[in-house]
1. Over the chain, with every protein chain in place, what whole percent of the accessible area is carbon and sulfur at 1.4 Å, could you tell me?
2. Quick one: Cα centre-to-centre distance for the range 75-114 and the range 15-70, in angstrom?
3. DSSP loop (so not H, G, I, E, B), at most 11 other Cβ within 10 Å: list which chymotrypsin sites (Phe, Trp or Tyr not before Pro) in the range 47-85 pass both filters.
4. Kindly provide the trypsin sites (Lys or Arg not before Pro) of the range 1-64 that DSSP labels as loop, not H, G, I, E or B, and whose Cβ sees at most 13 other Cβ atoms within 10 Å.
5. How fast does the range 24-114 diffuse by Stokes-Einstein, in µm²/s, taking the Kirkwood radius from C-alpha pairs at 10 °C and 1.306 mPa s?
6. Using a Förster radius of 30 Å, what is the FRET efficiency between ALA101 and GLN13 based on their Cβ-Cβ separation? Nearest 0.05, please.
7. Within the chain, what percent of beta bridges assigned by DSSP are antiparallel, to the nearest 5?
8. For the chain, calculate the relative contact order in percent as a whole number, restricting contacts to Cα pairs under 8 Å that are 6 or more residues apart.
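The values are calculated or read from the model by the stated rules, or taken from the named source; none is laboratory data. All figures in this text were calculated on a predicted structure; none of them were measured in a lab. Cβ: placed from backbone, ideal geometry, glycine included. Neighbour counts: every protein chain shown. When the accessible area is computed, the model is the full protein with side chains, heavy atoms only, and any ligands, DNA or RNA have been set aside. Shrake-Rupley method; radii C 1.70, N 1.55, O 1.52, S 1.80 Å.
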Amino acid sequence: QVQLVESGGGLVQPGESLRLACRASGISIRGYELGWYRQAPGKQRELVAVTTSLFSTNYADSVKGRFTISRDNAKNTVYLQMNSVGPEDTAVYYCNTRPTARDWGQGTQVTVSS
């Protein structure tokens, strides 16, 4: 059974940094494209960053230049480094495989507030 477990969220102040992690079990992420998604209250889930099996990356315009996605295939983990966060980044963050998604994990809550 594939499981995706996100961690690293919390309450941070505007301008601070946060590093999220998503550890996969039941699959090897090595051959997969992976994405970080977020869902803010009352909004649809949106894709914010992607890492391919060849380590190329893409970002939503809203996070470009502030967020960095990376992967450690040996640890079966994908990361999201979040810098210069703002209140608009408040959301539950999830990871998943692409283009076919697995069952969604619980996500990790990120709250940006002063």
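1. Values: 2800 of 6090 Å².
Exposed carbon and sulfur together represent 46 percent of the surface.
2. The two parts, judged by their Cα centres, are 6 Å apart.
3. PHE55
4. Passing both the DSSP loop test and the Cβ count: LYS43, LYS64.
5. On the way: Rh = 13.5 Å.
Diffusion coefficient, whole number: 117 µm²/s.
6. E between ALA101 and GLN13, to the nearest 0.05, is 0.40.
7. Antiparallel bridges: around 90 percent, rounded to the nearest 5.
8. Details: 274 pairs, mean separation 42.8, N = 114.
For the chain, the relative contact order is 38 percent.
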